[in-house]
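**Q** Pasting a structure here, questions to come.
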Amino acid sequence: KGGAARSLLLQYSQGQTFCSLKEPAMDFRRVKEYFSWLYYQYQIISCCAVLEPWERSMLNTILLTIFAMVVYTAYVFIPIHIRLAWEFFSKICGYHSTISN
């Protein structure tokens with residue numbers, strides 16, 4: 001019962017397997033297991049595994065806040081520094097930029 005539904009395969013006329021309808025479910029399971037493994041590694045490296053739940057949530061909140069601040073700062077300031085470096089090196093190399101200020 002249901003064996004035909006579980007092993008439903010799209011095949012070429014020669015009988016070669018083209019793709020399986022079960023493969024995406026397997027890929028999602030692998031991705032889920034990979035993220036579980038990454039989270040476990042994070043807990044081991046940051047010693048979250050030995051903390052109380054409230055301590056773990058505080059540490060995660062602090063780390064997430066720091067990460068968000070770094071990403072925001074990079075988003076705001078890196079383009080400015082790249083533009084200034086481009087202008088500096090273009091003047092040194094004699095390339096006249098057409099970028100308007």
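**Q** How large a share of the accessible area of the range 53-100, in percent, is made up of carbon and sulfur atoms when the probe is 1.4 Å and the other protein chains stay in place? Intermediate results must be reported in sequence, preceding the final value.
**A** Working: 3390 of 4380 Å².
The nonpolar share, carbon plus sulfur, comes to 77 percent.
**Q** Applying the Karplus parametrisation 6.51 cos²θ - 1.76 cosθ + 1.60 with θ = phi - 60° to the phi angles of the range 77-94, what ³J(HN,Hα) value in whole Hz is obtained for each residue in order, glycine and proline being reported as x?
**A** Ordered by residue, 3J(HN,Hα) equals 9, 5, x, 5, 5, 5, 5, 5, 5, 4, 5, 4, 6, 5, 5, 5, 7, x Hz.
The values are calculated or read from the model by the stated rules, or taken from the named source; none is laboratory data. What you are looking at is a predicted structure, and each value in this text was computed from that prediction instead of being measured. Side chains included, ligands, DNA and RNA excluded: accessible areas come from the protein's heavy atoms. Shrake-Rupley method; radii C 1.70, N 1.55, O 1.52, S 1.80 Å.
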